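Participant: First the structure, which I've put down as structure tokens, then a few questions once you've had a look.
The values are calculated or read from the model by the stated rules, or taken from the named source; none is laboratory data. Just so it is clear, the structure is predicted and the values come from calculations on it, not from any experiment. Glycine gets a Cβ as well: all are built from the backbone with ideal geometry, and neighbour counts include every protein chain shown.
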Amino acid sequence: MTRPTIIAVHGNGGGAFRFARVEPFFSETSPVGFTALTLPGFGGTPRDTQCVTLSDYAAHIQEFVTRIDAPRILLGHGIGGSLVLEYLQHFAPSVAGVILHAPVGARLDTRWFPRLMASETVRELGKQMLASALFRPLWKRLFFSQPVPDEFLNRFFAEYGTCEAFGQMFELITAGWFAGLKPVTLPSVLLWGARERVLRLDQAAEFRAKLPAATMEIVNDWDHFPMVEQPEAYTQKLMQLASRLTAEPAAAAH
């Protein structure tokens, strides 16, 4: 069998660069391949004016996915997890399994941050503050608990400022959207760090209802960005999960 390939979908504010510290630990001889995509409007790429719904973004992911040889494992982090859930509503048979890492979607009507971002003015202000060099020392302390090279972090935060789709994600990923998702039965893993501060572990039950075949994987010393803080350990965990997912019996989607 062809080795599985993990296709990573980034969270809000950045693009494929968020996985840049992971990529060196994969090679042509690794048991699992890895690639990351950058969606329109993220990572400094222009926004696609034809992308007006989450299904439009799912179609962009599908174009990328189908260039990769099967078996394919789709990995979504943060809002990337939301986009993977939408993808499965349309294109589930194209992938062998999915990994949702601290995904967005549950409790959007009660969590304070999504409610705060309901205002377009606040969204734009928040985006510029996240990109600002003036506030960078604060964001580093809030986002990261382990040392990360300044060169990487400077680009990480600067990408928020060029993310044209940042505010749109808060408009499209809503409690109503999440409630309307149909369950998809597919080999799946819900991946969480026990030290996660951005998207709490207690939200996992809501995602299990959307992926009935999902298993839970909790890593004790991970926060929200282990692909940045602990890239080698993150790589090892992804390889382990991809191998496990592709070894599971194929499940019928929907």
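Participant: What's the number of the only condition in (1) among the small types (G, A, S); (2) free of Cβ contacts under 8 Å to residues at least 40 places away in the same chain; (3) under 23 Å from L130 (Cα atoms) that G76 fails to meet?
Facilitator: The number of the failed condition is (2).
Participant: Here is a further query. Take E232 and tell me if it is among the charged types (D, E, K, R) and modelled with pLDDT of 95 or more.
Facilitator: yes
Participant: Another one. Can you pull out every residue in region 213-223 that is charged (D, E, K, R) and either free of Cβ contacts under 8 Å to residues at least 60 places away in the same chain or loosely packed, with under 15 Cβ neighbours inside 10 Å (or both)?
Facilitator: Across region 213-223, the qualifying residues are E217, D221.
Participant: Filter region 17-41 for residues that are in a helix (DSSP H, G or I) and not charged (D, E, K, R); which is surrounded by the most Cβ atoms within 10 Å (Cβ to Cβ)?
Facilitator: For region 17-41, the residue satisfying everything is F19.
Participant: Quick one: what pairs do we get from region 55-73, first residue acidic (D, E), second surrounded by 14 or more Cβ atoms within 10 Å (Cβ to Cβ), C-beta under 9 Å, 6+ apart or different chains?
Facilitator: Partner pairs satisfying both residue conditions: D56/D48; D69/R3; D69/T5; D69/G33.
Participant: Just need a number here: residues in region 204-225 that are closer than 13 Å to L241 by Cβ and not hydroxyl-bearing (S, T, Y).
Facilitator: 5
Participant: When region 153-177 is examined, which residues are found to be closer than 17 Å to R136 by Cα and either touching a Pro at 6+ places or on another chain (Cβ under 7 Å) or basic (K, R) (or both)?
Facilitator: R155
Participant: Condition test on R3, is it in a loop (DSSP other than H, G, I, E, B), more than 24 Å from L125 (Cβ to Cβ), within 16 Å of the chain's Cα centre (by Cα) and not acidic (D, E)?
Facilitator: no
Participant: Within the group D109, D56, D69, which residue is closer than 22 Å to E206 by Cβ and surrounded by fewer than 15 Cβ atoms within 10 Å (Cβ to Cβ)?
Facilitator: So the residue among D109, D56, D69 that is closer than 22 Å to E206 by Cβ and surrounded by fewer than 15 Cβ atoms within 10 Å (Cβ to Cβ) is D109.
Participant: While we're here: Out of G44, G14, I need the residue that is modelled with pLDDT under 95 and assigned to a loop (DSSP other than H, G, I, E, B). Which one?
Facilitator: Unique residue meeting the criteria: G44.
Participant: If you scan region 48-107, which residues turn out to be assigned to a helix (DSSP H, G or I), within 13 Å of L37 (Cα to Cα), touching a helix residue (DSSP H, G or I) at 6+ places or on another chain (Cβ under 7 Å) and not polar (S, T, N, Q)?
Facilitator: The answer is Y57, A58, I61, V65, L83.
Participant: Which ones in region 1-44 are β-branched (V, I, T) and free of Cβ contacts under 8 Å to residues at least 60 places away in the same chain?
Facilitator: Answer for region 1-44, where residues must be β-branched (V, I, T) and free of Cβ contacts under 8 Å to residues at least 60 places away in the same chain: T29, T35, T38.
Participant: Residues R107, R123, R136: which one is of a type in the set (D, E, K, R) and at positive phi?
Facilitator: Just one listed residue meets the conditions, R107.
Participant: Could you grab me the full set of residues in region 6-16 that are among the β-branched types (V, I, T) and surrounded by fewer than 20 Cβ atoms within 10 Å (Cβ to Cβ)?
Facilitator: Result: no residue meets the conditions.
Participant: Further question on the same structure: Suppose we keep only residues that are of a type in the set (V, I, T) and either within 10 Å of A102 (Cβ to Cβ) or surrounded by 21 or more Cβ atoms within 10 Å (Cβ to Cβ) (or both) within region 175-212. Which one would you say is farthest from the chain's Cα centre (by Cα)?
Facilitator: Here the residue is V184.
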